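Asks: Here it is, the structure in full.
The values are calculated or read from the model by the stated rules, or taken from the named source; none is laboratory data. For clarity, every value in this text was computed on a predicted model and none was experimentally measured. Here the Cβ positions follow ideal geometry from the backbone for every residue, glycine too, while neighbour counts run over all protein chains shown. For accessibility, only protein heavy atoms count, side chains too; no ligands or nucleic acids. Shrake-Rupley method; radii C 1.70, N 1.55, O 1.52, S 1.80 Å.
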Amino acid sequence: GTNSMRLLLCELEDHKILSKSKELITTRIGQDVAKSGILNEKAIRRNLDALKKFTDKARDFGAEDIVVIATSAVRDAKNREEFLSLSKKEAGVDIKVIEGNEEAQLGMLGVMSEFDKQSDNVLVIDIGGGSTELILADKASIYYTVSLNVGAVRMTESFVKSNPISDEDMYALNKSLEVIFASAMNFLKQKNIDNIVAIGGTATTLASMYHQLKYYNSDIVHNSILSLDYLKDSFEKIKSTTIPERYDILGLQRERADVIPAGLYILIFLLDNLGKTQVTISENDNLEGTILKYILGV
């Protein structure tokens, strides 16, 4: 991903995920990609080191298949072939660079793998570092997908000039979101949405903050329900702090302290515009979706 690299190790049985564990390293491969259009050398090296660590863990785990996907920053970078070539040479893996629509579909696959309300129309919001995917579906069909170049890292680099965040920066960020999401909001406002589910690092971090977790616990985070009022209160508090002051917020990783305001504000913006007052946070996302598609053939 644009902000972090994640590892999912799982055991499969009867075409289902029997057990799993996840790990994350903040690598920020998308640093300055929105401005420069390229992956810089330090970012490439950070990600190659993390990739080698994760592939070694997968092989020690006894993985019969290793599937690696890359999203927004890598697909946007003019020099992505350099990174892909080095990944093959140093880590021995081929990386699938997935387009935005597939990223959306994988996220929905992951969420719906455990969703038991078959008749509900579910909107999945996947706020990443470089892009945001919106997917409307029920258990049987996906009705709508869109991937937009709006993410926690991308919007921070583009609009957050200081911390605490100024009103001028917030005005500019909001205006940009209004333009970028206009078509999607016009469409979705006309649709029946029974549940909103948020996935990705921004969403799970917000749930971790809600529960004030000293150590991240996916079982506690999964299926947390956060109210719009809580999100707005949290944003007002975070917006008025410096980055070092955010290090003391329980549940917030230091590595995410600079980009969490923008990610949080994107979620608030979407809920507000759709007239929704709460969101469910899911730990199941495009990692599970990747297993279901590329290994189990769902």
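Asks: For the stretch 1-68 and the stretch 119-177, what is the separation of their C-alpha centers, rounded to whole Å?
Replies: Taking the Cα centre of each part, the stretch 1-68 and the stretch 119-177 sit 22 Å apart.
Asks: Then there is this: Just to be sure I understand: of the beta bridges DSSP finds with both ends in the chain, what percent are antiparallel, rounded to 5?
Replies: Roughly 70 percent of the DSSP beta bridges within the chain come out antiparallel.
Asks: In addition: Tell me the mean residue ellipticity at 222 nm calculated for the chain from its helices only (DSSP H runs of n ≥ 4, each -39500 (n - 2.57), averaged over every residue, nearest 500).
Replies: -13000 deg cm²/dmol
Asks: Related question: Quick one: putting +1 on the C-beta of Lys and Arg, -1 on the C-beta of Asp and Glu, what dipole do you get for the stretch 177-296 around its Cα centre, in Debye to the nearest 20?
Replies: 140
Asks: Let me ask another. Once you charge only the Cβ atoms, +1 for Lys and Arg and -1 for Asp and Glu, what is the size of the charge dipole of the stretch 153-234 about its Cα centre, to the nearest 20 debye?
Replies: Using Cβ point charges on Lys, Arg, Asp and Glu, the stretch 153-234 gives about 180 debye.
Asks: Using the C-alpha atoms of the stretch 129-260, what convex hull volume per residue, in cubic angstrom, is computed?
Replies: Per residue, the Cα convex hull of the stretch 129-260 comes to 120 Å³.
Asks: Leaving out ligands, DNA and RNA, what percent of the accessible area of the chain is carbon and sulfur, probe 1.4 Å?
Replies: The nonpolar share, carbon plus sulfur, comes to 46 percent.
Asks: Under a 1.4 Å probe, what is the accessible area of the stretch 186-242 per residue, stated in Å²?
Replies: I get 53 Å² per residue for the stretch 186-242.
Asks: Here is a follow-up. To the nearest 10 square angstrom, how much accessible area does S158 have with a 1.4 angstrom probe?
Replies: Solvent-accessible area, nearest 10 Å²: 50 Å².
Asks: Among (1) 20.3; (2) 19.4; (3) 21.0, which one is Kirkwood radius over Cα pairs in Å computed from these coordinates?
Replies: (2)
Asks: Of all beta bridges DSSP finds with both residues in the stretch 102-247, what is the antiparallel percent, to the nearest 5?
Replies: Just about 70 percent of them are antiparallel.
Asks: In a shell of Cβ-Cβ distance under 14 Å around L250, excluding L250 itself, what net charge do Lys and Arg (+1) and Asp and Glu (-1) give?
Replies: Here the count lands on +3.
Asks: Here's another thing I want to ask about it. Please give me the summed charge of the neighbours of T27: other residues whose Cβ is under 11 Å from its Cβ, Lys and Arg +1, Asp and Glu -1.
Replies: Net charge around T27: +4.
Asks: Out of the stretch 78-137, which GluC sites (Glu not before Pro) are coil in DSSP terms and have no more than 13 other C-beta atoms within 10 Å?
Replies: E99, E114
Asks: Quick one: dipole size for the stretch 1-70, taken about the Cα centre, charges +1 on Lys/Arg Cβ and -1 on Asp/Glu Cβ, in debye to the nearest 20.
Replies: Around 460 debye, computed over the stretch 1-70.
Asks: The stretch 194-298: which GluC sites (Glu not before Pro) are DSSP loop and have at most 16 other beta-carbon atoms within 10 angstrom?
Replies: Of the GluC sites (Glu not before Pro), not one in the loops of the stretch 194-298 has a Cβ with at most 16 other Cβ atoms within 10 Å.
Asks: Run the quick spin-label model on A63 and Q190: label points 7 Å from Cα toward the beta carbon, then report their separation in nm to one decimal.
Replies: 4.3
Asks: Would you report the distance distribution of C-alpha pairs in the stretch 1-137 as whole percents per 10 angstrom bin, up to the bin with the largest distance?
Replies: That works out to 11, 38, 35, 14, 2, in percent per bin.
Asks: Averaged per residue, what accessible area in Å² does the stretch 40-146 show with a 1.4 Å probe, protein chains only?
Replies: 47
Asks: Right, next: Just to be sure I understand the model, the point goes 7 Å from the Cα along the line to the Cβ. What's the resulting L228 to K16 distance in nm?
Replies: According to this spin-label approximation, the distance is 3.6 nm.
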